[in-house]
1. On a straight-distance basis, which lysines could pair with Lys127 in a cross-link, Cα separation under 19 angstrom, same-chain partners fewer than 8 positions away excluded?
2. Which percent, to the nearest 5, of DSSP beta bridges fully inside region 4-194 are antiparallel?
3. Would you mind calculating the gained length between Glu147 and Lys65 on full extension (0.36 nm times residue separation, minus the Cα-Cα distance), in nm to one decimal?
4. Determine Rg/Rh for region 1-157; Rg is computed over alpha-carbon atoms and Rh is the Kirkwood hydrodynamic estimate from the same atoms.
Amino acid sequence: MGKTFRVVVCGTKECGKTSIIERAIYNKAGPFPSTVEDIYVANVENDRGLEEQIRIYDTAGIDPKSLSLKEDLPRHLFPHADGYILVFSLDDEASFQVVDVIRKEVELHHKENPKKDLVLVVVGNKKDLTQQRQVETVQALNWAAREKVKYFEVSASERSSLFEPFVYLSSKLSPPHGKSSFTQLTMGRSSKQHSKGSE
Ligand SMILES: Nc1nc2c(ncn2[C@@H]2O[C@H](COP(=O)(O)OP(=O)(O)OP(=O)(O)O)[C@@H](O)[C@H]2O)c(=O)[nH]1
Ligand SMILES: [Mg+2]
């Protein structure tokens, strides 16, 4: 067993963070209670036969209208994070703007605490909502190129669309060339901390 990597998932409220994680791991569809903070564990066997363990931190959604947006970020997790998945919803321009704010804050944190390389992917979710789209692919891609981040468009309702970002992430987390195979994943939720709503 190699090192355990910690990956923080964040974005605005209801952009689909939990849906992406639950669909990728369990092929499970929502609705899910609004998240406070949950931890999932994924054991990833890479192409070198090593099992990488990834702890995925699902976080509370951020309100784009919040006056204290920067303070609402899950900063308590930043010092422990090896990687980030920043999620926005393609039918919500405001959620895209928030991802830009989060990315800048994450980068700032890691510049001030340069312990390790920053691995960060940005995911535009709900690509199935073609009629309601507010963020065009080219717009997001141009932004991603400018900011030098990796960008994926997915839909939590289409499980196969979720593999690429996770495989990319785990490959970056486990150098030199840890090409991970999602088909060989065994994953499970390790613990649920505080969640609103009933289960
Ligand atoms: N059409 C569509 N709906 C989605 C998709 N992903 C999530 N949803 C819906 O979006 C809503 C919010 O999904 P969640 O996964 O709970 O979003 P979240 O970001 O975890 O929300 P918070 O925990 O409250 O921040 C639910 O009604 C989901 O069914 C998607 O890819 N396509
Ligand atoms: Mg959630």
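Where a number appears in this text, it was derived from the coordinates with a stated rule and is not lab data. Keep in mind the model is a prediction, meaning the values are calculated, not measured.
1. Partners within reach: Lys13, Lys17, Lys28, Lys150.
2. DSSP beta bridges in region 4-194 are roughly 45 percent antiparallel.
3. Stretched out fully, the Glu147 to Lys65 stretch lengthens by 27.2 nm.
4. 0.95
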